[in-house]
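Please read the structure below before turning to the comments.
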Amino acid sequence: MRLGFNFWLGASLTALVILAGVLAPWIAPFDPVLDADLMSSELPPDATFWFGTDGQGRDVYTRILYGAQISLTVGIVSQVINSVIGITLGMTAGYWGGWWDDLVNGLTNVMLAIPSLIFALAVMAVLGPGLPSLLIALGLTNWSWTCRIARSSTLSLKSQGYVQAAQTLGYGDLRIMFTQILPNMMGPILVMATLGMGSAVLSEAALSFLGLGIQPPFPSWGSMLTDARQLIQLAPWVAIFPGLAIFLSVLGFNLLGDGLRDSLDPHMRTRKP
Amino acid sequence: MTAPLLDIRNLRLGVALGRSVHHPLLKDVTFQIMPGEAYGLVGESGSGKSITSLAVMGLLKKPLAVFGGEILFKGQNLLSLPKREMRRLRGNRIAMIFQEPMTALNPLSTVGRQIAEMFVLHQGKSWGEAEKLAVEALGNVRVPNPDRRAKNYPHQMSGGLRQRVMIAMALACNPDLLIADEPTTALDVTVQAEVLRLIKELCAARGTAVLFISHDLGVIASICQRVGVMYAGCLVEENETRALFENPRHAYTRGLLGALPRLGSRSAHGRQRLVDIDSIIADRSKLTETRFIAPRGAERGQP
Amino acid sequence: MLRFTLRRIFQIIPTVVVVALLIFVIFSVVPGTFAASLFADGKRAADPQMIARLNEEFGLNKPLIERFTTYVTDLAQFDLGTSFRTRQPVIDLINDRMWASLQLAIAAMVFALVVGVPLGFLAALRPGSVLDTVTMIGAVSGLSMPQFWLGLLMMYLFALQLNWLPSFGYGDGSFRNLILPAVTLGVTPLALLARTTRAGVLDVLNADFIRTAHSKGMSEAKVVRWHVARNVLVLIVTTVGLQFGSLIGQAVVIEKLFAWPGIGSLLVDSVAIRDIPVVQGTILVIVLWFLVINTAVDLIYAAIDPRIKQE
């Protein structure tokens, strides 16, 4: 497997975001919520406040470091939920076929008919704002593509010799699915999940920006931008840095996902498996 | 003696690997085709038949390049012809039929329109006139209901019909030379015979010369007056078709002939096994000019 | 073609029905009634009398099955219910704002097509060139960027600093007001279109029928015009159809950012105050739009590609 420049650039950006999130409590110079001081609000970037301060005098750099925790949590948890739902439905539908397959297919089509951000909005409307609702909303939104991939991989894997051998040996359906089929479709699923992390981070930012996601004063990159709209003329750095953080982390996930996909693509493969 | 229509001299061609290095695929290929003559090139896959024809058409794709020799068409060296002049010859004076009738036609365009393009390109006709001529051309290749068929898309036609469309397209401008690269390989045996007869009759009637490429000596024998045998990028033998069958001089040709089943041969010679040639293509990079046939073929181990 | 068209149109109906059911279910499983949360602001509990009145008025105390029947019969008569807050029919609220949203969505998609497709084409015709590299870097950046952030920056630059364009609002539908939101909303589909067009053109250029076209003596320009363009169009149409979904979703955020009076900002405002009938109605209308667009795309697709109708 040869991984190109894009993959390594993506991996570095992702590593940077992870480091920022994990090390935030140690490397951040201030407290993200408590160190508010109206006397020092809207200060431009300088030696003390690297990225300047926001409308309440909080250090933007500190809040961005802590914001990485929220973005990562949202990205990872929502994709785990997505993958579990997608794999479970897709694999069983492909394996068992029949009415169950029809039902899952119908459900997938309906989900695809609802724009994902709109669906997430609906769920947020029901559950109310906050991190847990956000995780559920984004976890329930994007599983349809994963489901489709899981289903079609299962269909093609089902006719493979080793799966049929396992059936002949009398292995149970679930055992076959988890030991023979699942490991063999993890590649494309992993690619989907990596790319999905990017779009989950974007959706979180959008929902928080609208005031329906993470609520202030918690330092989500999206909600940091909510105030920026009023402050942008006086303090453009309040708008620039959080957006840049979102952009670079999503770029990281996207490049990582694209790189993984290219390396899994049989056309691009140079060595024999 | 008349001048040859196509005169290929010492054609050398290969994969460009860097500025000066190259990996040779054709080594000093030389042969002539007379006006109206049907010439066959036979050889296994990878022997260089197809790239020879692509070189004549000027359709070699990037890593492939000509390194030496001349391709004279009516005395004019095609290799030094400006792009624009070459385009005017291509399709108009030299036309080509490809192996895959399934993918050689644009799936989103009617066959009538794809034939009509020839008249618009080379004869300056309007689309309306060209479409009418296209129907006529379809009739000439004996497609039933040509006016209805012209409105069809390729996916609505069988492989044999599509290949007829390709022939109609290639012969649309009455070219002097038709290059047919394995035109019947992808077709059913019965359809093969019809398509072959069509090519043979139409070209004979119009006086079109044919460069017919195939790995199948039987097909070549039914259509060509002369045959060149290619092996590992070299033209190893050339003769009148009949003479080649009766008296193959080269070991590889003998191998090819031995692999050919013959009707009635059992009553004449008793039950015989067909002889097979090693199916592995020789690693050309290890072959030297002198011994390229020696390590394989039916002659191996014989004195 | 007519039968194909009719069949595709009728295929929308079951999906709409299921989506309508799904929406009803989602908004019925919530713990606690909406009336309570509607009047609760912050930590102060809502006035029980007002809750009771609202529950009475909207029949929220009735059993689930009865509410469901009302919902379905109303829907069948194109009645989307009444807003909790303004007491206006939801359908009127949506109608008032529909045109602004359509305007924005279409403008954004047109912008994406007009810029993205030619860029992808040129990039594919000169692979490895500076233009190709720049386009592809731009595309992956465009896909990774939060659109509202880009909108915010453009608003700062073009409206607040340079004063070229109005920073927000509908401005009686003037074109100048449309530019910033439409460009912002168009960035993601633009990036995706540039990418798919490039990949599609490269794919088609390697097809056998392109070699046939060259063998006919066609110039490069004619090959592209006669044989590449149409085949890539199929891919572009599909991408546009798929992208409309996320475009409609993003439009919600962009409408809010630029204070654009469309159904997107209506949806966000209604979610914020939990005006459930409006939320339900807006989502249903958005899904319906998305389905209509996808069906239209399928029909265009079938008109371009003769192989589709033959199933």
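Would you call C:Thr196 touching a strand residue (DSSP E or B) at 6+ places or on another chain (Cβ under 9 Å), crowded, with 18+ Cβ neighbours inside 10 Å and in a helix (DSSP H, G or I)? In short, no. Among the conditions (1) open to solvent by less than 10 Å² (accessible area, probe 1.4 Å); (2) on the phi > 0 side of the Ramachandran plot, the only one that C:Pro146 does not satisfy is (2).
The single condition among (1) open to solvent by 50 Å² or more (accessible area, probe 1.4 Å); (2) part of a helix (DSSP H, G or I); (3) touching a Pro at 6+ places or on another chain (Cβ under 8 Å) that A:Phe51 does not satisfy is (2). So which residues in segment C:110-141 are within 14 Å of chain A (Cβ to nearest Cβ) and in contact (Cβ under 8 Å) with a residue 40 or more places away in the chain, if there are any at all? C:Met136, C:Gly138, C:Ala139, C:Val140, C:Ser141 - these are the residues of segment C:110-141 that are within 14 Å of chain A (Cβ to nearest Cβ) and in contact (Cβ under 8 Å) with a residue 40 or more places away in the chain.
What are the residues in segment A:123-158 that are under 27 Å from C:Ser270 (Cα atoms), buried (at least 24 other Cβ atoms within 10 Å of the Cβ) and aliphatic (A, V, I, L, M), if any? Listed by number, the residues that qualify are A:Ala125, A:Leu134, A:Ala137, A:Leu138. In segment C:142-166, of all residues being facing another protein chain (nearest Cβ under 7 Å) and under 21 Å from the mean Cα position of the chain (by Cα), the one that is nearest to C:Arg198 (Cα to Cα) corresponds to C:Leu143.
Restricting C:Leu205, C:Leu192 to residues that are more than 14 Å from chain A (Cβ to nearest Cβ) and touching a residue at least 24 places away in the same chain (Cβ under 8 Å) narrows the list to C:Leu205. Taken together, C:Thr238, C:Thr282 contain a single residue that is of a type in the set (Ser, Thr, Tyr), open to solvent by 10 Å² or more (accessible area, probe 1.4 Å) and out of contact with any strand residue (DSSP E or B) (no Cβ under 8 Å at 6 or more places or on another chain), which is C:Thr238. The residues of segment B:52-92 that are among the polar types (S, T, N, Q), touching an Asp or Glu at 6+ places or on another chain (Cβ under 9 Å) and in contact (Cβ under 8 Å) with a residue 60 or more places away in the chain amount to a single one, B:Ser53.
In the set A:Thr154, A:Thr194, A:Thr179, only one residue is of a type in the set (Val, Ile, Thr) and more than 26 Å from A:Met111 (Cβ to Cβ); that residue is A:Thr179. Close Cβ contacts (under 9 Å, 6 or more residues apart or on different chains) running from residues in segment C:4-30 that are more than 9 Å from chain A (Cβ to nearest Cβ) to residues that are acidic (Asp, Glu) and not in a helix (DSSP H, G or I) comprise C:Phe4/C:Glu311. All told, A:Ile181 meets the bar of being over 23 Å from A:Leu140 (Cα atoms), more than 14 Å from chain C (Cβ to nearest Cβ) and open to solvent by less than 10 Å² (accessible area, probe 1.4 Å). Going residue by residue through segment C:263-279, is there one that turns out to be more than 21 Å from the chain's Cα centre (by Cα), open to solvent by 30 Å² or more (accessible area, probe 1.4 Å) and over 30 Å from C:Met98 (Cα atoms)? Checked against the condition, which is being more than 21 Å from the chain's Cα centre (by Cα), open to solvent by 30 Å² or more (accessible area, probe 1.4 Å) and over 30 Å from C:Met98 (Cα atoms), segment C:263-279 yields no hits at all.
Within segment C:188-230, the set of residues being closer than 30 Å to A:Ser116 by Cβ, in contact with a Phe, Trp or Tyr (Cβ under 9 Å, 6 or more places away or on another chain) and of a type outside the set (A, V, I, L, M) comprises C:Pro189, C:Thr197, C:Arg198. Would you point out which residue out of C:Ala303, C:Ala296, C:Ala213 is more than 9 Å from chain A (Cβ to nearest Cβ) and open to solvent by less than 20 Å² (accessible area, probe 1.4 Å)? Of C:Ala303, C:Ala296, C:Ala213, the one residue that is more than 9 Å from chain A (Cβ to nearest Cβ) and open to solvent by less than 20 Å² (accessible area, probe 1.4 Å) is C:Ala213. In segment C:59-76, the residues that are more than 14 Å from C:Pro277 (Cβ to Cβ) form Cβ pairs under 8 Å with partners that are surrounded by fewer than 15 Cβ atoms within 10 Å (Cβ to Cβ) and at pLDDT below 70, at six or more places apart or across chains, as follows: C:Glu66/C:Gly59. For A:Ile181, the criteria (1) free of Cβ contacts under 8 Å to residues at least 60 places away in the same chain; (2) in contact with a helix residue (DSSP H, G or I) (Cβ under 8 Å, 6 or more places away or on another chain); (3) part of a helix (DSSP H, G or I) hold in every case but one, which is (1). Within segment A:206-248, restricting attention to residues that are over 23 Å from A:Leu13 (Cβ atoms) and within 7 Å of chain C (Cβ to nearest Cβ), which residue is surrounded by the most Cβ atoms within 10 Å (Cβ to Cβ)? Applying the filter and picking the extreme gives A:Leu210. The residue pairs whose first member lies in segment B:93-111 and is within 8 Å of chain C (Cβ to nearest Cβ) and within 15 Å of C:Gly217 (Cα to Cα), whose second member is in a strand (DSSP E or B) and open to solvent by less than 10 Å² (accessible area, probe 1.4 Å), and whose beta carbons are closer than 8 Å, counting only pairs six or more residues apart or on different chains, are B:Ala95/B:Leu177; B:Ala95/B:Leu178; B:Ala95/B:Ile179; B:Met96/B:Leu178; B:Met96/B:Ile179; B:Met96/B:Ala180.
Yes/no per residue for (1) more than 11 Å from chain C (Cβ to nearest Cβ); (2) under 23 Å from C:Gly264 (Cα atoms):
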| site | (1), (2) |
| --- | --- |
| A:Thr92 | yes, no |
| A:Asn105 | yes, no |
| A:Val123 | no, yes |
| A:Gly130 | yes, yes |
| A:Leu135 | yes, yes |
| A:Thr141 | no, yes |
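For segment B:17-33, a tally of residues being under 22 Å from B:Met86 (Cβ atoms) and either open to solvent by 10 Å² or more (accessible area, probe 1.4 Å) or not in a strand (DSSP E or B) (or both) returns 3. The condition of being on the phi > 0 side of the Ramachandran plot and either at the interface with another protein chain (Cβ under 10 Å from one of its Cβ atoms) or open to solvent by 30 Å² or more (accessible area, probe 1.4 Å) (or both) holds for only one of B:Gly48, B:Gly36, that being B:Gly36.
For segment C:159-172, the set of residues classified as open to solvent by less than 60 Å² (accessible area, probe 1.4 Å) and either over 17 Å from C:Pro261 (Cα atoms) or in contact with a Cys (Cβ under 9 Å, 6 or more places away or on another chain) (or both) consists of C:Ala159, C:Leu160, C:Leu165, listed by residue number. Filtering C:Ala259, C:Ala221 for residues that are of a type outside the set (Lys, Arg), more than 15 Å from the chain's Cα centre (by Cα), open to solvent by 30 Å² or more (accessible area, probe 1.4 Å) and within 14 Å of chain A (Cβ to nearest Cβ) leaves a single hit, C:Ala259.
The values are calculated or read from the model by the stated rules, or taken from the named source; none is laboratory data. Keep in mind it's a predicted model, so treat the numbers as computed, not measured. Neighbour counts are summed over all protein chains in view; Cβ atoms, including those assigned to glycine, are modelled from backbone coordinates with ideal geometry. With ligands, DNA and RNA removed, areas are computed over all heavy atoms of the protein, side chains included. Shrake-Rupley method; radii C 1.70, N 1.55, O 1.52, S 1.80 Å.
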